[in-house]
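The values are calculated or read from the model by the stated rules, or taken from the named source; none is laboratory data. Not measured: the values here are computed from a predicted model. A quick note on method: Cβ atoms are made from the backbone with ideal geometry, for glycine too, and the neighbour counts reach across all protein chains shown. Note: accessible area is taken over every heavy atom of the protein model, side chains too, but ligands, DNA and RNA are not part of it. Shrake-Rupley method; radii C 1.70, N 1.55, O 1.52, S 1.80 Å.
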Amino acid sequence: MGLSSFATASVFLALFLQVLPSCYGAVYKVGDSVGWTTIGNPDYNKWASSKTFHVGDIILFQYNAQYHNVMLVTRTDYKACNTSAPVEKNTSGNYSYTITTLGHHYFLCGVPGHCQSGQKVEINAVGSSSVAPASAPAPSPSGSSPSGVTPSPAAGGAPLNLMAGVSAKLWWALGIFAVLVSGFA
Ligand SMILES: *[C@@H]1O[C@H](CO)[C@@H](O)[C@H](O)[C@H]1NC(C)=O
Ligand SMILES: *[C@@H]1O[C@H](CO)[C@@H](O)[C@H](O)[C@H]1NC(C)=O
Ligand SMILES: *[C@@H]1O[C@H](CO)[C@@H](O)[C@H](O)[C@H]1NC(C)=O
Ligand SMILES: [Cu+2]
């Protein structure tokens, strides 16, 4: 019994440690080791679809500033690779974007031709599965919101709910761990 409760406690400790990073915000480097480039035509949306982004996470664009840049754009401009009116433009070679809202965030490279050849990425920030929208709302006829972010239906108070959900999970895991460890000792 002692040994098995220790094993169970270890499992919960492992769970607890897994939950921790999402509390502080994960850092995702776009393209991983390849970075933000056109060399090899990386599929950035394939890259993005392998991740689950949350409010508080940091999206890092590292690139050769001689050849590329980063633009935060509206959904309409993203679809059309329209670089004429970005919400934000970065030319430093090391751009970190902190996700502050749920929903879709659209980025592209503003150098002529690069977006068309695939240097663009859509980052969809979701909450826990209970608040995650199944799909984005239809774009308004006038285009997207000026912030470059298409808010999800739950966007209102969701970041707070998300944090509450995360810390509830944390305390739950910590509490069970404490109970099991004290039973073991
Ligand atoms: C690009 O966006 C600008 C400003 O929003 C707009 O005036 C222009 O018509 C757009 N160009 C294309 C090709 O959609
Ligand atoms: C680019 O982004 C970095 C970090 O996000 C910031 O420090 C820098 O000032 C920005 N540079 C430009 C030119 O926008
Ligand atoms: C790029 O920015 C990130 C986050 O702001 C920082 O941790 C990293 O050291 C920077 N890298 C370079 C090469 O400046
Ligand atoms: Cu580019």
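Here are the numbers for this structure:
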{"read-out": "Residue in the stretch 43-56 that is farther than 17 Å from Val27 by Cβ and either in a loop (DSSP other than H, G, I, E, B) or in contact (Cβ under 8 Å) with a residue 12 or more places away in the chain (or both) present", "value": "yes"}
{"read-out": "Checking Gly25 against (1) modelled with pLDDT of 95 or more; (2) within 16 Å of ligand 2 (Cβ to nearest atom), the condition it does not meet", "value": "(1)"}
{"read-out": "Hey, Tyr78 more than 9 Å from ligand 1 (Cβ to nearest atom), surrounded by 22 or more Cβ atoms within 10 Å (Cβ to Cβ) and touching a residue at least 24 places away in the same chain (Cβ under 8 Å) or not", "value": "yes"}
{"read-out": "Of the criteria (1) at pLDDT below 95; (2) more than 16 Å from ligand 1 (Cβ to nearest atom); (3) among the polar types (S, T, N, Q), which one Ser144 fails", "value": "(2)"}
{"read-out": "Of all residues in the stretch 42-71 being open to solvent by 50 Å² or more (accessible area, probe 1.4 Å) and among the polar types (S, T, N, Q), the one that is nearest to ligand 1 (Cβ to nearest atom)", "value": "Asn45"}
{"read-out": "Residues located in the stretch 55-69, provided they are within 16 Å of ligand 2 (Cβ to nearest atom), closer than 14 Å to Thr98 by Cα and either of a type outside the set (Asp, Glu) or touching a helix residue (DSSP H, G or I) at 6+ places or on another chain (Cβ under 6 Å) (or both)", "value": "Gly56, Ile58, Ile59, Leu60, Phe61"}
{"read-out": "Selected residue [at pLDDT 95 or above and within 16 Å of ligand 2 (Cβ to nearest atom)] from Cys81, Cys115, Cys109", "value": "Cys109"}
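One line per residue, one yes/no per condition, for (1) within 12 Å of ligand 4 (Cβ to nearest atom); (2) buried (at least 21 other Cβ atoms within 10 Å of the Cβ):
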residue: Thr37; (1), (2): yes, no
residue: Val73; (1), (2): no, yes
residue: Pro86; (1), (2): no, no
residue: Asn94; (1), (2): no, no
